[in-house]
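Report on one structure; see the data block that follows.
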Amino acid sequence: MSEFTADDFMTVAASRALRDGVTLFVGIGLPSTAANLARRTHAPNLVLIYESGCIGSKPSTLPLSIGDGELAVTADSVVSVPEIFNYWLQPGRIEVGFLGAAQIDRYANINTTVIGGDYDKPRVRLPGAGGAPEIASLCGEVIVVVRQSPRTFREKVDFVTSVGYGDGPGARERLGLSGRGPVKVITDLGVLEPDPQTCELTMTTLHEGVELEQAKEATGWDLKVAESIERTPPPTAEELSALRDLLDTQKARAA
Amino acid sequence: MAEIVSLREAVASVVNDGDSVAFEGFTHLIPFAAAHEVIRQRRRDLTVIRLTPDVIFDQLIGAGCVRKLVFSWGGNPGVGSLHRFRDAVENDWPAPLELEEHSHAGMANRFAAGAANLPFAVLRGYVGTDLPGRTASIESITCPFTGERLTAVSALNPDVGVIHAQRADREGNVQLWGIVGVQKETVLASRRSLVTVEEIVDELEPLPGAIVLPHWVVTCVSEAPRGAHPSYAQGYYDRDNDAYRAWDPIARDRERFGQWLEEEIYAAQGAGA
């Protein structure tokens, strides 16, 4: 039970970042796993909100999509897609947005659209925006969960799908974005937070067992590092057991 | 007044080559059977519209039915890429694919504006992203009352709106519940509509929170049991997550996809034929 992967560490670290009782707009994939783990451990009153219109879902199994039936039948309320964006996200009612990324830059701008080539003939066509641009601009704050590698952490993203801090200090205010923006980027190596003055992502925490050099090598720009770096304690036996149980619920449904 | 006809007749009468066709259903109630009938009838040059293209559009694109895609998130949820969609964008196979790309909030508002007979919708969205530079149907607008800068997106009024619902009665009144996505807006925004249903019943039992679309806003209703599979119909069957996973290796390979098309679509009769 004490064995775990870097991805497990990332998922557990992301789940710990969620305070109990918070309203959370949940993206697909890693964010959804971390949010459901948090609900099963330290944050049983987390309010999970999915772009399919499910508000306050309490799934007993880990959903594969953001619109699995389990999310609807366990929700406090199910609303239409225009309503979830216009009445719930747009007014800033949702405290935290939880997003993934294919590429991210030093100002936490996110690309999930295209990689390489040009827009019309990209090397890799990614899924695109989904709910992310408005989640990134309108939630009270944003947490990003993404594996750290030179392919992902780019000096410049190939396409700005969702805005972090734009071109630096003051950009969000100039653009009129109401939410505070990304407050944490949680990776398989540690946690980055925006510098209060420059908005540049700064490595503030390394997961237990990770060397600073690894984080620098995994970053496509000259990584800024906090003066005193903290350490994420490794996943506890309880956290790992809850994570295994959660992942098993998806396998059990698939079987 | 809705006509109740077979799915084959319905597609033949409402979907023409060159039409713009929205197939809605957000993860739930995705109208797969109707799309398969469109492929079987070999419609061409369609503009297909959907927030989440999903496996249903991977199939239409791979089969060569589509000229243009209007969308906001093109992945296989929880699984990965839509390989036929990617092959079309990256390699022009089987044909070049024109894109009109939005966010979910923008697409949802475009359908709502279309349903309300307005030329555009207003939202707080897209600002600072690269999307407005790529998509002509996104523009900045100034509020005439406060002077605030907001975003306008043009309305969607497809030639045809296709949805799947749980049931209809014999007059063609349609009832759906669970995750309802933008299905109501899609039917009301479209010039013609086709609704496939799990079953046609004598009387619609009222259900709290269910949407009823009266027969006089629907063009055709067709019975297509399991017509949303591998997505799901709440109260009838669950999402077939295994089938979504199994699609990945089929769609990855042009030959395997071609074989799937021959065996599962062209050689098959289809639901409610």
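Read-outs: derived from the displayed coordinates by stated rules, not from any lab. Note that the coordinates shown come from a computational prediction; the quantities given were computed from them, not determined experimentally. Reconstructed Cβ throughout: ideal geometry from the backbone, glycine too, with neighbour counts over all protein chains shown.
The table below lists the values:
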| quantity | calculated |
| --- | --- |
| Charge dipole magnitude, Cβ of K and R +1, D and E -1 - segment A:6-249, Cα centre, debye nearest 20 | 360 |
| Local electrostatic count at A:GLU134 - Lys and Arg +1, Asp and Glu -1, tallied over other residues with Cβ under 11 Å | 0 |
| Simple label model, 7 Å out from Cα along Cβ direction - A:ALA6 to B:GLU3, nm | 6.1 |
| Three semi-axes of the equivalent ellipsoid, segment B:105-154, Cα gyration tensor, whole Å, largest first | 17, 15, 8 |
| Charge tally in the Cβ shell below 12 Å around B:GLY181, where Lys, Arg are +1 and Asp, Glu are -1, B:GLY181 excluded | -3 |
| Estimated FRET transfer efficiency when R0 is 41 angstrom, pair A:GLU227-A:LYS251 (beta carbons, to 0.05) | 0.40 |
| Charge-dipole axis of chain A as Lys and Arg at +1 and Asp and Glu at -1 on Cβ define it, positive-most pick from A:ALA14, A:HIS42, A:ILE55 | A:ILE55 |
| Two-site label geometry, B:ASP17 and A:LEU175: point separation in nm, points 7 Å out along Cα→Cβ | 4.4 |
| Förster radius 35 Å - calculated FRET efficiency between B:ALA246 and B:VAL201 (Cβ-Cβ, nearest 0.05) | 0.60 |
| More than 32 Å apart - percent of Cα-Cα pairs taken over chain B | 21 |
| Residues B:HIS229, B:HIS104 arranged by fewest to most Cβ contacts within 10 Å | B:HIS229, B:HIS104 |
| DSSP beta bridge pairing in the protein assembly as shown, given as percent antiparallel to the nearest 5 | 40 |
| Helix-derived mean residue ellipticity, 222 nm - over chain A, DSSP H n ≥ 4, -39500 (n - 2.57), to 500 | -7000 deg cm²/dmol |
| Point-charge dipole on Cβ atoms (K/R +1, D/E -1) for the protein assembly as shown, about Cα centre, debye to 20 | 600 |
| Residue pairs, from the table A:LYS156/A:LYS224; A:LYS156/A:LYS251; B:LYS68/B:LYS184; A:LYS121/B:LYS68; A:LYS251/B:LYS68; A:LYS184/A:LYS224, whose Cα atoms sit over 26 Å apart | A:LYS156/A:LYS251; A:LYS251/B:LYS68 |
| Relative contact order (%) - chain A, alpha-carbon pairs under 8 angstrom, separation at least six | 20 |
| Equivalent-ellipsoid semi-axes of the protein assembly as shown, from the Cα gyration tensor, Å, largest first | 38, 25, 23 |
| Distance between modelled label sites at A:GLN214 and A:ASP76, nm, 7 Å Cα→Cβ extension | 3.9 |
| Order by protection proxy (mean Cβ within 10 Å, highest first), peptides B:150-159, B:18-27 | B:18-27, B:150-159 |
| Cα centroid separation - segment A:194-254 against segment A:1-26, whole Å | 10 |
| Length-normalised contact order for chain B - Cα pairs under 8 Å, 6+ apart - percent | 25 |
| Residues A:TRP221, B:TRP216, B:TRP177, sorted so that the one with the fewest Cβ neighbours within 10 Å comes first | B:TRP216, A:TRP221, B:TRP177 |
| DSSP H segments from chain A that extend 27 Å or more along their own axis, Cα-based, with Kyte-Doolittle mean of 0.5 or above | none |
| Three semi-axes of the equivalent ellipsoid, segment B:1-116, Cα gyration tensor, whole Å, largest first | 21, 18, 14 |
| Net +/- balance of residues flanking B:HIS36 in space, Cβ distance below 14 Å, scoring K and R +1, D and E -1 | -1 |
| Residues of segment B:91-124 with amide N under 13 Å of a point placed 7 Å along Cα→Cβ from B:LYS68 | B:97-101 |
| Spatial separation of Cα centroids for segment B:95-109 and segment B:132-208, in angstrom | 15 |
| Over segment B:105-154, relative contact order from alpha-carbon pairs under 8 Å, at least 6 apart, % | 39 |
| Within chain B, percent of DSSP bridges classed antiparallel, to nearest 5 | 35 |
| Farthest toward positive dipole pole in chain B [+1 Lys/Arg, -1 Asp/Glu at C-beta], among B:MET107, B:GLN166, B:LEU46 | B:MET107 |
| Signed unit charges on C-beta, dipole axis of segment A:122-255, positive-most listed residue A:GLN197, A:PRO127, A:ALA218 | A:PRO127 |
| Length added when fully stretched, B:TRP93-B:GLN259, from 0.36 nm per residue minus Cα-Cα | 58.1 nm |
| Burial ordering of B:TYR236, B:TYR126, fewest other beta-carbon atoms within 10 Å first | B:TYR236, B:TYR126 |
| Check: segment A:153-255 dipole with +1 on Lys, Arg Cβ and -1 on Asp, Glu Cβ, in debye | 500 |
